[in-house]
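A short write-up of the structure that comes next.
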Amino acid sequence: MGTYRGTAEAAWRWVLDQVRDDDGVWIPEFPGGDLDARWREGMYAGIGGLAHVLAEIRLSREWSPREEELAEVIAARVRESIDETSDVTFFNGLVSAISVLTALGAPGAGEAVARLLELSTPDGWPNDIFVPPRFREGTRTHDLTLGTAGVLLGAVWARRHEVPGAGDLAGIAAEVLVAEREEAPGGLNWRRVPSRFYEARSEAPNFSHGLSGIATALALAGAELGRPDLVEAAGAGAGHLVTLGDTSDGGFRVSASCPRVPDVEEFSYGWCHGPTGTSLLWPALRRAGVAEVAGTDVDEWRRRCFHSIRVSGLPERRYPGFWDNDGRCCGTAGVGDVLLDSGQHTDFALHLADVVVERAIPDGDGVCWRFVEHRADEPLLPPGIGWMQGAAGIAGFLFHADRVERGDARSVPRVDTWWALGG
């Protein structure tokens, strides 16, 4: 068994050893720790995220009886939570439920779509995250991770799986975003939180919380629904995004915050706040029929994102705070997996996989990883378990790397990547 596969299997064994069956099947954030009950079904750190590892494993080998049973109990737990939740978010709410159930090929996504339709309002979805006194009562948010763009992306994904009501849901979310657009240099902008609710000092314009993710969702919705107005809006959003970026070395990277927040690293390179996530915008525009943004081919903008990743210095930990993370959200595994999905820079992606293998920490019959928060009194964090910031997500990347190394270029289509596979 190759190095990638062997480490992936060891990490997966370690994750399975952390699964608890008291109060339903769930996983803590760290061994011996806990996880807020609101997030236990979610795909970020909860049991739902293991569905995506199982999808990776299914392309690598057959499931074991234990894995078959785990898939069934995950689906059951997520379905049971749908009617009781008002959380609509991408990672922990109803969009997460759509993602988890479709990854497992399990029924129930239609119930999540129906619940999202039930909770919808003319200006978006309620939330319990942006609340007084910092935010005004009834605040809405429109980013991909917490708000309307995430609902739109989940609705488009559900529609592609022929889930009833998904087209209606996509239409509602799209209209909310269209209504919230603002004129900006080079095109259009969307605030994470509209200024009538909160006047932000800075915005995070990359994929997870800002313009890049919102424009991506609009482009895909425009293509899937046959809505040229949404495609035009997405292209205009990309037009503004490029005015914010650094292209000085032939790459493309946008500051993690605009204007920059003092004492925070100016550029990140991961899925969340860097060119890894923002690289997903350009194939979405290509799929929607947009050939150029600001006079430059969209494929060239994507190439520039990859260039910025390659010359950034990662995966070296060059100084405290630079690349102290191996996870999917803002670390090495997330970068490597997007590159493997693209079919480009495979050599670099496998180099990243090599480094992840080197950093694995033996623990019992498995392995795990520990990240660093250099600003904390105890900078070495306990080992994470889940999909986005733990061993589960890293294992998924290594299963993928093993397939690629063996000449199998297949990727698992997921709600946040399906349009960007293979070129």
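The values are calculated or read from the model by the stated rules, or taken from the named source; none is laboratory data. Keep in mind it's a predicted model, so treat the numbers as computed, not measured. Neighbour counts run over all protein chains shown; Cβ positions are idealised from the backbone, glycine included. Quick note on the areas: whole protein, heavy atoms, side chains included, nothing else; ligands and nucleic acids left out. Shrake-Rupley method; radii C 1.70, N 1.55, O 1.52, S 1.80 Å.
In region 1-103, one over the average inverse separation of all distinct C-alpha pairs is 14.0 Å, which is the Kirkwood hydrodynamic radius. Just so you know, the Cα atoms of region 183-239 work out to an Rg and Dmax of 11.7, 36 Å.
Ordering THR243, THR346 by accessible surface, largest first, gives THR243, THR346; the 1.4 Å probe counts only protein heavy atoms, with every chain in place. Measuring nothing but protein heavy atoms, the accessible surface of region 282-423 at 1.4 Å probe radius is 49 percent carbon and sulfur.
Taken along the Cα-to-beta-carbon direction at a fixed 7 Å, the label points for ARG38 and THR121 span 1.7 nm. The Kirkwood radius of region 164-283, taken over pairs of alpha-carbon atoms, gives through the Stokes-Einstein law at 37 °C and 0.692 mPa s a diffusion coefficient of 223 µm² s⁻¹. Rounded to two decimals, the Cα-based Rg/Rh of region 34-167, with Kirkwood Rh, is 1.00.
On the basis of the beta-carbon distance and an R0 of 35 Å, ARG406 and ASP23 show a calculated FRET efficiency of 0.30.
When the chain is treated as a GNM, springs tying every alpha-carbon pair under 10 Å, which of TYR44, TYR269, TYR319 comes out with the largest mean-square fluctuation? Among TYR44, TYR269, TYR319, the largest mean-square fluctuation in the Gaussian network model of the chain belongs to TYR319. The alpha carbons of region 260-363 stretch over 49, 35, 20 Å along the principal axes, in descending order.
Packing around the peptides 272-280, 6-14, 162-170, taken as the average count of other Cβ atoms within 10 Å per residue, puts them in this order, highest first: 272-280, 6-14, 162-170. What the Cα convex hull of region 216-268 gives, in volume per residue, is 96 Å³.
Rolling a 1.4 Å probe over the protein heavy atoms leaves ASP249 with an accessible area of roughly 80 Å². Gyration tensor over the Cα atoms of region 147-225: the corresponding equivalent ellipsoid has semi-axes (square roots of 5 times the eigenvalues, largest first) of 24, 12, 11 Å.
Within region 26-91, the GluC sites (Glu not before Pro) that combine a DSSP coil assignment with at most 14 other C-beta atoms in a 10 angstrom radius are GLU62, GLU84.
Seen from every direction in turn and averaged, the convex hull around the alpha carbons of region 113-173 projects onto 4.0 nm².
Helices in the chain, meaning DSSP H runs of at least 4 residues, each add -39500 (n - 2.57). Divided by all residues, the mean residue ellipticity at 222 nm is -14000 deg cm²/dmol. Computed from point charges on the beta carbon alone (+1 for Lys and Arg, -1 for Asp and Glu), the dipole magnitude for the chain about its Cα centre is near 800 Debye. Rolling a 1.4 angstrom probe over region 87-220 with all protein chains present gives an accessible area of which 50% lies on carbon and sulfur atoms.
Among the trypsin sites (Lys or Arg not before Pro) in region 262-342, those located in a DSSP loop and surrounded by at most 11 other Cβ atoms within 10 Å of their own Cβ are ARG318. In region 256-320, the alpha-carbon atoms span a convex hull of 97 Å³ per residue.
Over region 178-265, accessible surface divided per residue gives 41 Å², non-protein components excluded, 1.4 Å probe.
Relative contact order for region 160-211: 23 percent, from Cα pairs under 8 Å spaced at least 6 residues apart, divided by residue count.
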